[in-house]
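Each remark here refers to the structure printed beneath this line.
The values are calculated or read from the model by the stated rules, or taken from the named source; none is laboratory data. None of the values given here were measured: they were computed from a predicted structure. A quick note on method: Cβ atoms are made from the backbone with ideal geometry, for glycine too, and the neighbour counts reach across all protein chains shown.
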Amino acid sequence: MNTPNSLLIRRSRRSSKLSFVVLGLVAVGLVLMPYIVYQSVTSSMVMLFVLIIISSMWNLLAGFGGLVSIGQQAYIGIGAYTVIVMADLGVPPLLGVFFGALTSAILALPTSWLAFRLRGDYFAVGTWVIAEVYRLIMIKFDFVGGADGKSLVGLSGIDPVTRSAITYWFALGIAIVTVLACFWLLRSRIGLALTAIRDDEVSARAGGIDATRIKRIVYLVSAAGCGLAGGVLVVDALRVQPDAIFNVSWSAYMIFIVIIGGIGYLEGPIIGAIVFFAMQQLLADMGTWYLMLLGALAIVAAAWFPNGLWGTFSEKTGFRLFPIGYYVAERFGVAVDTRTIRVQ
């Protein structure tokens with residue numbers, strides 16, 4: 001974008017373009033992992049991809065939209081149960097995952113009409129209550145196992161090694177698509193309007209932005225993404241149980257990951273998920289000490305790194321893996337001003 005003076009407004013730098021090449025090579029390496037490492041490694045990696053998906057959705061909702069929800073586990077559960085129901089009807093489970101995303105988005109529409117009547121802390125608590133209502137409703141239906149849950153049919157006849165590799169690739173693909181979808185959305189007009197709403201909703205409305213419509217779109221997208229994650233979880237575990245899939249700990253994971261990685265940065269959930277996943281793998285055997293260390297890390301990050309690990313690094317270096325802001329550069333020079341006209 002050219003300006004009347006000697007400046008250019010750009011959306012990315014050379015370093016960002018190089019980062020896409022690096023990310024592409026990382027993606028290729030991840031695709032090849034089932035041929036390189038043991039099945040136990042790829043099986044555990046599925047959880048990492050799920051964490052990236054759900055934390056990216058929460059970051060989109062809270063970090064960019066200012067909608068702090070602690071009830072997104074409702075859509076994780078809806079997505080998982082949709083896969084179970086569709087499998088009973090003869091639909092392949094992997095295809096059922098996308099039906100789970102669709103069902104989550106459809107149910108999120110009437111839910112948003114209720115939730116958006118609340119503001120601030122009331123919205124956060126209200127979404128938690130709504131998630132509990134969905135859990136209690138699901139328990140009432142015996143055809144999905146009631147309180148005991150139900151096993152997934154349709155994948156039991158596949159060789160375990162083959163099934164593990166297919167699940168890994170499927171989860172990886174969903175995670176990549178989720179991150180790229182967030183990137184595309186935030187670079188669009190919706191993303192610009194969303195950030196304006198987050199910063200000052202009154203001014204955004206005065207500027208002609210339909211804040212309610214924009215927030216509802218993002219809420220539906222977040223619900224669909226969480227539905228995909230729920231579908232991946234049930235395909236991986238081959239069973240769903242209501243108290244586990246609707247557990248508020250999923251929202252706790254999302255919040256922890258985004259705070260550690262950096263709220264309001266697309267890269268934040270990825271970095272935070274890697275840190276959280278590594279701590280899970282290394283410290284899970286420590287019992288209550290594991291939870292105490294997680295809490296201590298969250299406190300340290302909030303106190304000393306308010307922008308998160310990636311946010312702190314990015315603010316100091318100006319480096320972005322996913323450039324969604326605008327950068328000011330000289331039109332006839334080589335130097336680039338590190339100041340940013342920020343969209344995020």
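Among all residue pairs at least 6 apart or on different chains, which show Cβ distances below 6 Å where the first residue, located in segment 221-245, is within 25 Å of residue 162 (Cβ to Cβ) and the second is modelled with pLDDT of 95 or more and not in a helix (DSSP H, G or I)?
Close Cβ pairs (under 6 Å, with a partner that is modelled with pLDDT of 95 or more and not in a helix (DSSP H, G or I)) do not exist here.
Could you check, for segment 276-295, whether at least one of its residues is of a type in the set (Val, Ile, Thr), more than 27 Å from residue 199 (Cβ to Cβ) and surrounded by fewer than 15 Cβ atoms within 10 Å (Cβ to Cβ)?
Let us first name the residues in segment 276-295 that are of a type in the set (Val, Ile, Thr), namely 288.
Still in the list and also more than 27 Å from residue 199 (Cβ to Cβ): 288.
Cutting the leftovers down to surrounded by fewer than 15 Cβ atoms within 10 Å (Cβ to Cβ) gives us 288.
Yes, some residue in segment 276-295 is of a type in the set (Val, Ile, Thr), more than 27 Å from residue 199 (Cβ to Cβ) and surrounded by fewer than 15 Cβ atoms within 10 Å (Cβ to Cβ).
Pairs under 7 Å by beta carbon, first residue touching a residue at least 24 places away in the same chain (Cβ under 8 Å) in segment 17-31, partner of a type in the set (Val, Ile, Thr) and part of a helix (DSSP H, G or I), six or more apart or different chains?
Matching pairs, first to second residue: 27/176.
Which residue is surrounded by the fewest Cβ atoms within 10 Å (Cβ to Cβ), if the candidates are limited to segment 60-78 and must be in contact (Cβ under 8 Å) with a residue 60 or more places away in the chain and either closer than 17 Å to residue 153 by Cβ or among the β-branched types (Val, Ile, Thr) (or both)?
Within segment 60-78, the match that is surrounded by the fewest Cβ atoms within 10 Å (Cβ to Cβ) is 70.
For (1) surrounded by 19 or more Cβ atoms within 10 Å (Cβ to Cβ); (2) at pLDDT below 80; (3) more than 24 Å from the chain's Cα centre (by Cα), each residue gets a yes or a no:
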{"residue": "316", "(1), (2), (3)": "no, no, yes"}
{"residue": "319", "(1), (2), (3)": "no, yes, no"}
{"residue": "324", "(1), (2), (3)": "yes, yes, no"}
{"residue": "328", "(1), (2), (3)": "no, yes, yes"}
{"residue": "332", "(1), (2), (3)": "no, yes, yes"}
{"residue": "336", "(1), (2), (3)": "no, yes, yes"}
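Only one residue in 119, 189 is surrounded by fewer than 18 Cβ atoms within 10 Å (Cβ to Cβ), more than 21 Å from the chain's Cα centre (by Cα), closer than 28 Å to residue 269 by Cα and not hydrophobic (A, V, I, L, M, F, W, C). Which one? Walk me through it before giving the result.
Values: 189 fails: more than 21 Å from the chain's Cα centre (by Cα).
Going through 119, 189 in turn, just one is surrounded by fewer than 18 Cβ atoms within 10 Å (Cβ to Cβ), more than 21 Å from the chain's Cα centre (by Cα), closer than 28 Å to residue 269 by Cα and not hydrophobic (A, V, I, L, M, F, W, C): 119.
Would you mind listing the helices (runs of 4 or more DSSP H) fully within segment 147-222 where at least 1 residues are in contact with a Lys or Arg (Cβ under 8 Å, 6 or more places away or on another chain) and within 29 Å of residue 133 (Cα to Cα)?
Hits in segment 147-222: 189-199.
Consider segment 116-131. How many of its residues are outside any helix (DSSP H, G or I) and not aromatic (Phe, Trp, Tyr)? Even if it seems obvious, please write down each step before you answer.
Initially, segment 116-131 is screened for residues outside any helix (DSSP H, G or I), giving 116-120.
So of that shortlist, the ones also not aromatic (Phe, Trp, Tyr) come out as 117-120.
Summing the residues that are outside any helix (DSSP H, G or I) and not aromatic (Phe, Trp, Tyr) in segment 116-131 gives 4.
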